[in-house]
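Please read the structure below before turning to the comments.
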Amino acid sequence: MQTIVQSQDLSVVFQPIVDIQSGRQFATEALVRCKRPDLADPVTLFRQAVAHKCSGRLGRMIREIALPLCAGSPTFVNIHPNELSER
């Protein structure tokens with residue numbers, strides 16, 4: 001399996017998820033960011049991961065970064081559909 005990025009190339013930012021009725025935040029969504037200029041756009045990052053058959057590895061790296069930072073609070077993490085069929 002070819003690796004397109006290393007863990008140190010990635011970071012996450014957290015976007016609040018707000019209840020539209022109450023206006024209160026009830027969770028966050030973890031969004032990946034890549035430090036490499038050629039993969040800075042998340043769409044490009046995921047397309048390259050799919051092309052190299054490593055979207056599962058990318059998803060695991062994102063979760064390994066995001067989950068320790070969310071300190072047990074409700075957090076949504078997106079996965080690419082290909083992760084469900086990759087080892």
Relative packing of peptides 26-32, 68-74 - highest average C-beta neighbours within 10 Å first: 26-32, 68-74
Note the angle between two axes, namely the Cα long axis of helix 42-51 and the longest principal axis of the Cα atoms of the chain, as a number of degrees from 0 to 90, rounded to the nearest 10. 40
Could you state the angle between the C-alpha long axis of helix 55-69 and the longest principal axis of the C-alpha atoms of the chain, as a value from 0 to 90 degrees rounded to the nearest 10? 40
Sorted by average packing, counted as other Cβ atoms within 10 angstrom per residue and highest first, what order do 18-24, 36-42 take? 36-42, 18-24
Taking 7 Å along the Cα-to-C-beta vector as the label spot, tell me the Asp19-Asn78 distance in nanometres, rounded to one decimal. 2.5
Starting from 0.36 nm per residue, how many nanometres of slack lie between Ser85 and Arg36 once their C-alpha separation is accounted for? 15.0 nm
Only Cα pairs under 8 Å and at least 6 apart count here; give the relative contact order of the chain as a rounded whole percent. 32
Given unit charges at Cβ for Lys, Arg (+) and Asp, Glu (-), the dipole magnitude of the chain about its Cα centre in debye, nearest 20, is 180
With N residues in the chain, what two-decimal value do you get for its Cα radius of gyration over 2.2 N^0.38 Å? 1.16
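Every number in this text was worked out from the coordinates using simple rules, so none of it is lab data. Bear in mind the structure is a predicted one, so any value in this text is a computation, not a measurement. Every residue, glycine among them, receives a Cβ derived from its backbone with ideal geometry; neighbour counts consider all protein chains shown.
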